1. Which of the residues that make up segment 26-51 are over 11 Å from Cys69 (Cβ atoms) and open to solvent by less than 20 Å² (accessible area, probe 1.4 Å)?
2. Touching a strand residue (DSSP E or B) at 6+ places or on another chain (Cβ under 6 Å), open to solvent by less than 10 Å² (accessible area, probe 1.4 Å) and more than 9 Å from ligand 1 (Cβ to nearest atom), is that true of Val59?
3. Only one of (1) of a type in the set (Gly, Ala, Ser); (2) closer than 23 Å to Val66 by Cβ; (3) within 16 Å of ligand 2 (Cβ to nearest atom) is not met by Ala158, so which one is it?
4. Kindly indicate whether any position in segment 60-71 is within 16 Å of ligand 2 (Cβ to nearest atom) and not polar (S, T, N, Q).
5. Can Cys69 be described as within 16 Å of ligand 1 (Cβ to nearest atom), open to solvent by less than 50 Å² (accessible area, probe 1.4 Å), touching a strand residue (DSSP E or B) at 6+ places or on another chain (Cβ under 7 Å) and at pLDDT 95 or above?
6. Which ranges mark the helices (runs of 4 or more DSSP H) fully within segment 77-152 that have 2 or more residues being more than 12 Å from ligand 2 (Cβ to nearest atom), under 30 Å from Glu30 (Cα atoms) and open to solvent by 30 Å² or more (accessible area, probe 1.4 Å)?
7. Which residues, taken from segment 113-132, are within 9 Å of the chain's Cα centre (by Cα) and not hydrophobic (A, V, I, L, M, F, W, C)?
8. I'm checking my understanding of the structure. Among residues of segment 125-140 that are in contact with a Leu (Cβ under 9 Å, 6 or more places away or on another chain) and in contact (Cβ under 8 Å) with a residue 12 or more places away in the chain, which one is farthest from Thr83 (Cα to Cα)?
Amino acid sequence: MINSRESRAKTKISFTVNGEPKTVHAYPMERLLDVLRLELGLTGTKEGCGEGECGSCSVLMDGTLVNSCLVPVLQAEGSNVVTIEGLTAGETLHVLQETFLECGGAQCGICTPGMILAAFHLLNRKPEPTMEEIQEGLSGNLCRCTGYSQILDAVAEAASRGTTT
Ligand code: FES
Ligand code: FES
């Protein structure tokens, strides 16, 4: 339990981000979203609603898809976080990033990192999902631009290429 005095003091918090150990000095209740973007410079993670409704800020924490706008950074202590930056290998895009580009699944781009991480999470569990399973897997992520069909096509296309990791 964090008392109010402790919650006002910055503390050292260590966790792994995209395979690299990181230590930040942050307020325990600071949002993981802000620490990723402002402390660690990982601006691929986007803020949409800031209220846990849109999924734009999705990251993987110990393999679970979480809304980083709702996660106090203290909760990330000792965890393994993956952001959209963690999916690329140097200059090489992940297959999901390629298919989102090819299928028009990214327009303004605010939802895109969260969508791709949700799709990545889905395909790791279900490499050959049905369209219904893709819809279900992305149901926590909202898009104002695309009408969703290009996004669903992009995920199906990535699944058909068979490489998700
Ligand atoms: S910004 Fe986190 S869910 Fe919308
Ligand atoms: S591409 Fe704009 S919100 Fe999805």
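The values are calculated or read from the model by the stated rules, or taken from the named source; none is laboratory data. Please read these numbers as outputs of a predicted model, since none were measured by experiment. Glycine gets a Cβ as well: all are built from the backbone with ideal geometry, and neighbour counts include every protein chain shown. With ligands, DNA and RNA removed, areas are computed over all heavy atoms of the protein, side chains included. Shrake-Rupley method; radii C 1.70, N 1.55, O 1.52, S 1.80 Å.
1. Matches in segment 26-51: Ala26, Pro28, Val35, Gly44.
2. Criteria met by Val59.
3. So Ala158 meets the others, but not (3).
4. Yes, the conditions are met somewhere in segment 60-71.
5. yes
6. 112-125
7. Pro113, Gly114
8. If we take residues in segment 125-140 being in contact with a Leu (Cβ under 9 Å, 6 or more places away or on another chain) and in contact (Cβ under 8 Å) with a residue 12 or more places away in the chain, then Met131 is farthest from Thr83 (Cα to Cα).
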